[in-house]
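Right, one structure below, let's go through it.
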Amino acid sequence: MILGVGVDLCEVSRMEGLLEVGGRLPRLFCPEEIAYALESRALAPQRLASAWAAKEAFAKATGLGILRARLQVCLIREGGVPRLGLKGEAARRCEEMGVRRIWLSVSHEGGLAVCFLVLEG
């Protein structure tokens with residue numbers, strides 16, 4: 001049963017500015033997202049935009065809100081496959097909703113990153 005759906009689109013250029021302003025990344029992204037993004041300076045803005053889109057899509061699907069979700073939701077890639085790591089209120093919200101699996105797809109092209117997410121119960 002589908003319990004929630006979320007989608008978000010993020011402009012990659014928004015993340016380019018974050019890379020130039022020191023100290024803001026840890027307020028918006030988890031350490032794993034930052035480390036993965038910074039593995040390649042050329043791909044860092046795309047990777048951060050994908051992570052932000054995933055956070056927004058999750059916030060929309062659960063109704064949690066981006067301010068509470070941003071550091072509790074982490075886009076993780078295992079063997080090239082994206083998945084979400086959840087902690088705190090984000091994990092509790094999924095438990096309360098009866099979420100058993102989170103399906104997501106992220107992509108970027110032409111200066112945009114997108115995430116589509118489905119919560120399955």
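Throughout, read-outs are computed from the coordinates displayed, never taken from laboratory work. Quantities reported herein were computed from a predicted structural model and do not represent experimental measurements. Every residue, glycine among them, receives a Cβ derived from its backbone with ideal geometry; neighbour counts consider all protein chains shown.
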Whole-Hz Karplus couplings 3J(HN,Hα) for region 94-103, θ = phi - 60° and coefficients 6.51, -1.76, 1.60, Gly and Pro as x, run 5, 5, 4, 6, x, 5, 9, 8, 10, 9
Only Cα pairs within less than 10 Å get springs; with that Gaussian network setup on the chain, which residue of R83, R27, R68 has the largest fluctuation? R27
Under 5 Å between amide hydrogens, which residues at least 5 positions from V5 or on another chain qualify, with H placed 1.01 Å from N in the peptide plane? L119
Can you compute 3J(HN,Hα) from phi for each residue in region 107-119, using the Karplus curve 6.51 cos²θ - 1.76 cosθ + 1.60 with θ = phi - 60°, rounded to whole Hz and x for Gly and Pro? 7, 9, 6, x, x, 10, 10, 9, 9, 10, 9, 10, 9
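Assuming a viscosity of 1.306 mPa s and a temperature of 10 °C, what translational diffusion coefficient in µm² per second does Stokes-Einstein assign to the chain, Rh being the Kirkwood radius over Cα pairs?
Numbers: Rh = 14.2 Å.
So the translational diffusion coefficient is about 112 µm²/s.
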Would you please give the FRET efficiency between M1 and A35, computed as 1/(1 + (r/R0)^6) with r the Cβ-Cβ distance and R0 = 30 Å, to the nearest 0.05? 0.25
Could you give each residue of region 34-45 its phi-based ³J(HN,Hα) in whole Hz, using Karplus coefficients 6.51, -1.76, 1.60 with θ = phi - 60°, and x for Gly or Pro? 5, 4, 5, 4, 7, 4, 9, 4, 5, 9, 3, x
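Could you work out the relative contact order of region 2-120? I mean the mean sequence separation of Cα pairs under 8 Å and 6+ apart, divided by the number of residues, in percent. Write out the running numbers ahead of the final one.
Details: 226 pairs, mean separation 42.9, N = 119.
Normalised by residue count, the contact order of region 2-120 is 36 percent.
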Simple label model, 7 Å out from Cα along Cβ direction - R83 to E11, nm: 3.5
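Calculated FRET efficiency, M97 and R27, Cβ-Cβ r, R0 30 Å, to nearest 0.05?
On the way: r = 27 Å, r/R0 = 0.89.
The calculated FRET efficiency here is 0.65.
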What is the Cα centroid distance between region 1-50 and region 58-74, reported in whole angstrom? 14
